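Colleague: Pasting a structure below so you can have a look.
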2 protein chains.
Amino acid sequence: MKKLINRPEDVVREALAGIALAHAGRLVVHTDPHWIARADAPVAGKVAIVSGGGSGHEPLHGGFVGPGMLDAACPGEVFTSPTPDQMLAATQAVDGGAGTLHIVKNYTGDVMNFEMAADLARDEGLTVEQVVIDDDVAVKDSLYTAGRRGVGATVLAEKICGAAAEEGRPLAEVAGLCRTVNERSRSMGVALTSCTTPMAGKPTFDLGEDEIEVGVGIHGEPGRERRPQATARELVDTLAGAVVEDLPFTSGDKVLAFVNGMGGTPLMELYVVYAELHRFLEERGVEIARNLVGSYMTALDMAGCSITLLRLDDELTRLWDAPVDTPGLRWGA
Amino acid sequence: MKKLINRPEDVVREALAGIALAHAGRLVVHTDPHWIARADAPVAGKVAIVSGGGSGHEPLHGGFVGPGMLDAACPGEVFTSPTPDQMLAATQAVDGGAGTLHIVKNYTGDVMNFEMAADLARDEGLTVEQVVIDDDVAVKDSLYTAGRRGVGATVLAEKICGAAAEEGRPLAEVAGLCRTVNERSRSMGVALTSCTTPMAGKPTFDLGEDEIEVGVGIHGEPGRERRPQATARELVDTLAGAVVEDLPFTSGDKVLAFVNGMGGTPLMELYVVYAELHRFLEERGVEIARNLVGSYMTALDMAGCSITLLRLDDELTRLWDAPVDTPGLRWGA
């Protein structure tokens, strides 16, 4: 294992120290327990949005904290769910009196710990709603998941709900939008290489010189099939094919197309994939109205990508376009 | 070799097609010859800024085209200089009557071809100034370079000169600022793995299981030494030590600290490096006034990072903070 780290057991703490130093004045990083909040939280009268999960997926979630997106994120150890005390403390810190939405990726530990945190927060008199994201069409159940895994749609839900909260929408509406984004989104990924967690020090799974894992999870969980290496065109046909069939996305749909790098794949290749995805959708009469191309939800150093499609409507499009000011996503009005 | 591509010989063309589709309305991608320009170019009365170089370093340079940064970028084949006809055509397309600045990384082919393009442009009656960036302290001469290589300072120069041009400053001043940025910047990088060009299909250089290349170039050129793997702290001491000694940066300096990922290194590790860099500089009385952490000048899939420091003054800081709206760097006023 070669990584830019010190001791494997210190990686998360030290990366959070780097985030705190790099984004001082915009983000606050709390230790013991760990959570990251926007510097101006709590914002009085605004619905607060909290997410979190294991580390190793940066910029998700901490890099999406800021005006127009998350109020707080709770980072666990690498590929390990954060603990209920983290979510509770973060919720208490950012709740502005209008309630808090927890956006939870569908992994057993995350769901369980977020539920416990919500119960504890309600005991403290706080109002909490939770929405579980489960957009990955690859497999029904998985290594750490009952049901489908939560992947790329999480980024889209955090952005769209963040914009709605910023507009002053009430908790029920913001949570409803989160469910809508999840219902209208589908994703699938592929790994060209495994990832290596710092503590394990060796690849999470073995993949032959010419093999790829189609439908891989963001922790290296098995997908649908292991197959020989393929071209970008063939891979897009497979990934986007599974995504499109599942919802289904059909002719006349307008979508947000998100090509996400897994951490070890350079941007140049993601643009090749995006060009193929555009071709694939155009052939089916599906129009890409918005797009996002880059490494936003990673799996440490895994080479590969995922494709997420969200069927847009006018409201979702408007909320996607709204200003956002976070380290990971940033644009103006 | 496992990459998200189709035929190796089509990678650059197809990635540019993806860029054109993803950023339609903001960027124009011209083919035959290849150049990328901001959609509103030429901007009358504004100094135009053109850069370029081999592909494989994305988002550099094409991802930095847009208001507040470059007017055009000329992508060559992977790790191959663009041709003079590309720079000439781009210059003709974006010159707004106030002259054009070419920002050139110091590689023999780039320098030669940009010089030819400038001569051709002057023959057409255009005014062109050129500034060569050579901020890499690792080695005196290198595989493709006489003198020092141009690396991370290029990103900073493109941003700062772009802001100055946007303010309406004349060509001589914008070029002068570019020289100032280069004079006040120093960089050094490290590779944990080689990169693999699509056409070669195998790693550019061999590195043992536990070896790293200190002072590596962005095309995999040899650095100062090959040594056993080290901690993030030791690597920062080595890289930042060489950078700080060279200018030198001394107590009381305010700097922009840029931790750049080489393409195969996840963001989490870059933040560990940033925390170490902050510690290193604080010990020496050097204050980080601005920072940039991410993969902005890559070497395909190479794992590793580089550190760039720029000694700031009030004007450089103000120009760094000015709004920018490109796919790769984006922030408001």
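The values are calculated or read from the model by the stated rules, or taken from the named source; none is laboratory data. Fair warning: this is a prediction, and the values are worked out from it, not measured in the lab. Ideal geometry is used to build each Cβ from the backbone, glycine not excepted, and the neighbour counts take in all protein chains shown. Accessible surface areas use protein heavy atoms only, side chains included; no ligands, DNA or RNA. Shrake-Rupley method; radii C 1.70, N 1.55, O 1.52, S 1.80 Å.
Colleague: Name the residues in the stretch A:300-317 that are more than 14 Å from every other protein chain (Cβ to nearest Cβ), aliphatic (A, V, I, L, M) and open to solvent by 10 Å² or more (accessible area, probe 1.4 Å), would you?
Modeller: As a first pass, look at the stretch A:300-317 and keep what is more than 14 Å from every other protein chain (Cβ to nearest Cβ): A:308-317.
Still in the list and also aliphatic (A, V, I, L, M): A:309-310, A:312, A:316.
The one that is more than 14 Å from every other protein chain (Cβ to nearest Cβ), aliphatic (A, V, I, L, M) and open to solvent by 10 Å² or more (accessible area, probe 1.4 Å): A:L312.
Colleague: Identify the residue in the stretch A:2-26 that is crowded, with 17+ Cβ neighbours inside 10 Å and in a loop (DSSP other than H, G, I, E, B) and, among all such residues, is farthest from the other protein chains (Cβ to nearest Cβ).
Modeller: Looking at residues that are crowded, with 17+ Cβ neighbours inside 10 Å and in a loop (DSSP other than H, G, I, E, B), I get A:H23.
Colleague: Given the structure, is A:V174 β-branched (V, I, T), touching a helix residue (DSSP H, G or I) at 6+ places or on another chain (Cβ under 7 Å) and in a helix (DSSP H, G or I)?
Modeller: Yes: the conditions hold for A:V174.
Colleague: Still on this structure: Being more than 16 Å from A:I307 (Cβ to Cβ) and surrounded by fewer than 24 Cβ atoms within 10 Å (Cβ to Cβ) is the filter here, so list the residues in the stretch A:140-158 that pass it.
Modeller: A:K140, A:D141, A:S142, A:L143, A:Y144, A:T145, A:A146, A:G147
Colleague: Turning to a different aspect of this structure: Restricting the search to the stretch A:129-139, which residues are open to solvent by 10 Å² or more (accessible area, probe 1.4 Å) and within 21 Å of A:P84 (Cα to Cα)?
Modeller: A:E129, A:Q130, A:V132, A:D134 - these are the residues of the stretch A:129-139 that are open to solvent by 10 Å² or more (accessible area, probe 1.4 Å) and within 21 Å of A:P84 (Cα to Cα).
Colleague: Would you point out the residue of the stretch A:220-253, among those that are away from chain B (no Cβ under 14 Å) and part of a helix (DSSP H, G or I), that is farthest from B:A17 (Cα to Cα)?
Modeller: Per the stated criteria, the residue is A:D246.
Colleague: Still on this model: Kindly indicate the residue of the stretch A:195-218 that is open to solvent by less than 20 Å² (accessible area, probe 1.4 Å) and part of a loop (DSSP other than H, G, I, E, B) and also farthest from A:T250 (Cα to Cα) among those meeting that condition.
Modeller: A:P198
Colleague: So, one more: Check whether at least one residue in the stretch B:2-17 is at pLDDT 95 or above and in contact with a Phe, Trp or Tyr (Cβ under 6 Å, 6 or more places away or on another chain), and report yes or no.
Modeller: Yes: one or more hits.
Colleague: Cβ contacts < 9 Å: first residue in contact (Cβ under 8 Å) with a residue 40 or more places away in the chain, restricted to the stretch B:100-127; second residue part of a strand (DSSP E or B) and of a type in the set (D, E, K, R), any location; separation 6+ or different chain. Result?
Modeller: Between residues of the stretch B:100-127 that are in contact (Cβ under 8 Å) with a residue 40 or more places away in the chain and residues that are part of a strand (DSSP E or B) and of a type in the set (D, E, K, R), the close pairs are B:T100/B:E129; B:L101/B:E129; B:H102/B:E129; B:N106/B:D136.
Colleague: List pairs: first residue in the stretch B:58-75 and within 17 Å of B:E166 (Cα to Cα) and open to solvent by 10 Å² or more (accessible area, probe 1.4 Å), second residue among the charged types (D, E, K, R) and at pLDDT 95 or above anywhere in the structure, Cβ distance under 6 angstrom, at least six positions apart or on different chains.
Modeller: Once the first residue is within 17 Å of B:E166 (Cα to Cα) and open to solvent by 10 Å² or more (accessible area, probe 1.4 Å) and sits in the stretch B:58-75, its partners that are among the charged types (D, E, K, R) and at pLDDT 95 or above give B:P67/B:D325.
Colleague: So which of B:K46, B:K2 ends up being over 19 Å from the mean Cα position of the chain (by Cα), closer than 25 Å to A:C305 by Cα and not assigned by TED's automatic domain parsing to the domain that holds B:L300?
Modeller: B:K2 is the lone residue from the list that is over 19 Å from the mean Cα position of the chain (by Cα), closer than 25 Å to A:C305 by Cα and not assigned by TED's automatic domain parsing to the domain that holds B:L300.
For (1) crowded, with 20+ Cβ neighbours inside 10 Å; (2) at the interface with chain B (Cβ under 8 Å from one of its Cβ atoms); (3) in contact with a Leu (Cβ under 9 Å, 6 or more places away or on another chain); (4) of a type outside the set (A, V, I, L, M), each residue gets a yes or a no:
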residue: A:V255; (1), (2), (3), (4): yes, no, yes, no
residue: A:G261; (1), (2), (3), (4): yes, no, yes, yes
residue: A:V272; (1), (2), (3), (4): yes, yes, yes, no
residue: A:L281; (1), (2), (3), (4): yes, no, yes, no
residue: A:A289; (1), (2), (3), (4): no, no, yes, no
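Colleague: If only one of A:L247, A:L329 is on the phi < 0 side of the Ramachandran plot, in contact (Cβ under 8 Å) with a residue 60 or more places away in the chain and crowded, with 21+ Cβ neighbours inside 10 Å, which one is it?
Modeller: Just one listed residue meets the conditions, A:L329.
Colleague: Could you please let me know if A:R290 is in a strand (DSSP E or B), farther than 30 Å from A:M1 by Cα and at pLDDT 95 or above? Please lay out each step first, then the result.
Modeller: Details: in a strand (DSSP E or B): yes; farther than 30 Å from A:M1 by Cα: yes; at pLDDT 95 or above: yes.
Yes: the conditions hold for A:R290.
Colleague: OK, next. Against the definition (surrounded by fewer than 24 Cβ atoms within 10 Å (Cβ to Cβ), within 14 Å of chain A (Cβ to nearest Cβ) and either in a strand (DSSP E or B) or of a type in the set (D, E) (or both)), how does B:V29 come out, yes or no?
Modeller: So B:V29 passes the test.
Colleague: When only residues in the stretch B:40-64 that are of a type in the set (G, A, S) and assigned to a strand (DSSP E or B) count, which is farthest from the other protein chains (Cβ to nearest Cβ)?
Modeller: That would be B:A48.
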